[in-house]
Amino acid sequence: MEGNAFFAALSKGFTAAAFIMFLLAFVRNVARKKGLGESHFHWNPNSLLVIRREIPLLMAFVIPVTIITTSTSSTPEAFSLMTAWSPALYSGVHRTGDICATDHESC
Amino acid sequence: MKQYPTRYSILITWLAGVLLLCFSAFPALAENSESSPVQSTKAPQQSDDGDQEPEKAEESRPAVQPELEKGTDSPPEIKLPQSADADIHEQVRALQASLKQRQAAVLESREQLNYAESVLTRLQDEYKSFELRLEKAGLNLTASYADLLKQRLERLQRQSIAEDLIEGIESKLSTAREEQLRLEEFEAIAEPDDGARSQLLSHRSELLRNLHKAVTEHIDALNEYYNTVTALQDQVQDYQELLQQRLFWLPSAVVVNAETAGGLYQSAKWFISQLRFDALSNAITRSVSERGERTGLVALLLIVLVIKRKKILNNLLANSRPIGNVGQDRTAFTLHALMNSFLLACRGFLCFRWLLWC
């Protein structure tokens, strides 16, 4: 997305959301009735039912949060807002599992 | 019968989502002694029972820098003339020059070896004492101590043994071994002479023996140097691993608290306040003019996937029918089902990509 810094940040949010959405949607489609999990791999139908039922709701929660947190953390103005108000959420969304001590920038 | 999510299940899922997010941000409990009042009260206790001591020692003690310089010169190559044809004086002169060079190379290698051994010993001592200090300190480390650990790891990663140093030693070793063989051959070919040249010949033999001895010493020194540098490299890797293992358990995020929801609300408010439709329409127009083809292609793919959704679903069902029937079941059906699941999952992804390129 072209334009100002906000739209550049928004595009980063969309990128993150796109990958999360793809992963969740793929899991949901694998868990589809008579789909790959049930028919081909003989996974537990009850577990697949729970996955089918809960993933859309999880997506409804996770995707907007991802867009907002990724976008706000990508602009300097919002970064200060984000780290001031919700450092834990920021760290949670951006935690990559690599070694980092305490400062957010190094993560 | 189709099942619709009840209000209760929606609530559970939302709570699960919030919990998932909290756990993803949930660090180890010990964190940030400056900001946390609980930890700030603990700090004097730590200094009393000696847990703070390693931090002081860590700051005061100069760390070993495992940097080794590459040898300046490659070992001198001995130029041996043909014993039968060449002048004996020339041979003696060449052998004397080679002997001097070789002795200098042996001295240099011994110096490098001594330095590498001293670095290795210091690094091993530092590693052992550091391991003990970390064991004593446990996982209850402060933020500043974590920073020091991180600095040390970065330094070790920066100053690790250069790979071309080991390669250089290997090449020096192989050259020295070749020359040792060449010398032995030369000594075997050279025939003793009873004439007037016998004194010169015995001098040449002595030089050859000395040179052979020097080359053997050089090979020994290089072998030891190679072993020491390899051990040093392993030690540096162990040290890095120890630091990484310890850093893994250090907190990397603050604890989720009641302010998190407020922060999210503030962020969402800021996000909405930044959405200006005139700027958005301008940006979309500019982007479409620049990347129209790509955007059009993604839009086309998206439309095709939406139109073909029913067909993909039917194909998925058709692929599931022969499963379990020994006569008809094929691996290709599972692969087709996998592809169908992939295509069905692509719609949301493509939608976001399209928005992204717009």
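The values are calculated or read from the model by the stated rules, or taken from the named source; none is laboratory data. Keep in mind that this is a model prediction, so the values were computed, not measured. Positions of Cβ are backbone-derived with ideal geometry, glycine not excepted, and every protein chain shown enters the neighbour counts. Accessible surface areas use protein heavy atoms only, side chains included; no ligands, DNA or RNA. Shrake-Rupley method; radii C 1.70, N 1.55, O 1.52, S 1.80 Å.
Conditions tested, residue by residue: (1) at pLDDT below 85; (2) out of contact with any Asp or Glu (no Cβ under 7 Å at 6 or more places or on another chain).
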{"residue": "B:LEU148", "(1), (2)": "yes, no"}
{"residue": "B:ARG158", "(1), (2)": "yes, yes"}
{"residue": "B:GLY195", "(1), (2)": "yes, yes"}
{"residue": "B:LEU207", "(1), (2)": "no, yes"}
{"residue": "B:ASN210", "(1), (2)": "no, yes"}
{"residue": "B:LYS213", "(1), (2)": "no, yes"}
{"residue": "B:ILE219", "(1), (2)": "no, yes"}
{"residue": "B:TYR225", "(1), (2)": "no, yes"}
{"residue": "B:GLN233", "(1), (2)": "no, yes"}
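Name the pairs whose Cβ atoms lie under 9 Å apart, with the first residue in the stretch B:221-249 and of a type in the set (Val, Ile, Thr), the second not in a helix (DSSP H, G or I), and 6 or more positions between them or separate chains? Once the first residue is of a type in the set (Val, Ile, Thr) and sits in the stretch B:221-249, its partners that are not in a helix (DSSP H, G or I) give B:VAL229/B:LEU68; B:VAL229/B:ILE161; B:THR230/B:ILE161; B:VAL236/B:PRO66; B:VAL236/B:GLN159; B:VAL236/B:SER160; B:VAL236/B:ILE161. Would you tally the residues in the stretch A:24-60 being within 8 Å of chain B (Cβ to nearest Cβ), part of a helix (DSSP H, G or I), within 23 Å of B:LEU335 (Cα to Cα) and open to solvent by 70 Å² or more (accessible area, probe 1.4 Å)? Here the count works out to 1. Out of B:ALA283, B:ALA261, one residue alone is surrounded by 14 or more Cβ atoms within 10 Å (Cβ to Cβ), small (Gly, Ala, Ser), under 19 Å from A:LEU10 (Cα atoms) and modelled with pLDDT under 80. It is B:ALA283.
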